[in-house]
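These notes are about the structure you will find just below.
The values are calculated or read from the model by the stated rules, or taken from the named source; none is laboratory data. Quantities reported herein were computed from a predicted structural model and do not represent experimental measurements. Using ideal geometry, Cβ is built from the backbone for each residue, glycine included, and neighbour counts are taken over all protein chains shown. What goes into the accessible areas is simple: the full protein's heavy atoms, side chains included, and nothing from ligands, DNA or RNA. Shrake-Rupley method; radii C 1.70, N 1.55, O 1.52, S 1.80 Å.
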Amino acid sequence: MALTYTRIGNTIKITGSSPRATGVLIIPDTIDGFPVTSIGEEAFAGSSGLTSVTIPNSVTSIGNQAFYACRGLTSVYFMGNAPTPRISVFNGAINATVYYIQGKTGWGSTFASRPTATWSPVAPPAERVNILVVQSATFFPTPVWTSVATNTVRSVGVQQFYRMRASIVEVTVNLKNPIWTPVATNNLPIVGSQFYRLVAR
């Protein structure tokens, strides 16, 4: 599943996904280096297989009926202050509860006609990190691996999966329907036949 979006000036509006969103959806706070600030009208309407959504603190507005008829949606996690409310955001999403972090502003007992509750991330991101080491080798089938870069990556308190694409380290929390988000970039030397791998430490 890949998110679809449009760029408006220096910001990103999420317009939906292809194919239709199912399972757990985590909306990134940036795409192509630009902040994701809004979710468009009817962006995920009819995504009955969608069960959970996490919305970053960069999102300040959500369009009408963005989650219309998402009957399988039970949990919507907001990382920041309450976006501009639209009463029909969750029309037909009759099982959804909106969760917000205590201390964030603009929240009440309901949001867009859905009940709210407070939640706490498993741990503050600054307190938990994953150490990822990039190793290099030039000889197969018996390579000698040498560390060439170290990445300190914040953990969000859930199981995370990493991959390295070229020099970029990306993360996702869902391998079935992954949304890969860049978390680190390495300046790696290319000398002859070079092989790289990413390992946790």
Report summary line: Checking rank on 146-154, 178-186, 35-43, with mean other Cβ inside 10 Å and highest first, the result is 35-43, 178-186, 146-154
Report summary line: HN-Hα couplings for segment 63-70 via Karplus (6.51, -1.76, 1.60; θ = phi - 60°), in whole Hz with x for Gly/Pro, come out as x, 4, 6, 4, 10, 4, 6, 7
Report task. Using Cα pairs closer than 8 Å and at least 6 residues apart in sequence, work out the relative contact order for segment 59-124, in percent. Result -> 32 percent
Report task. Return the label of the correct value of percent of Cα pairs over 21 Å apart, as calculated from the structure shown, out of [x] 62; [y] 51; [z] 57. Result -> [z]
Report task. Within 10 Å, count the other beta carbons around each residue, average over each peptide in 52-61, 165-174, and list them highest first. Result -> 52-61, 165-174
Query - Nearest-10 value in Å² for the accessible area of Leu175, using the 1.4 Å probe - result: 100 Å²
Report summary line: Here FRET efficiency (C-beta to C-beta, Arg71 to Ser167, R₀ 45 Å, nearest 0.05) is 0.60
Query raised in the report: Please state the relative contact order of segment 29-149 as a whole percent: Cα pairs under 8 Å, 6+ residues apart?
Result: 17 percent
Query raised in the report: What accessible surface, in Å², does a 1.4 Å probe find on Tyr196, ignoring ligands, DNA and RNA and rounding to the nearest 10?
Result: 60 Å²
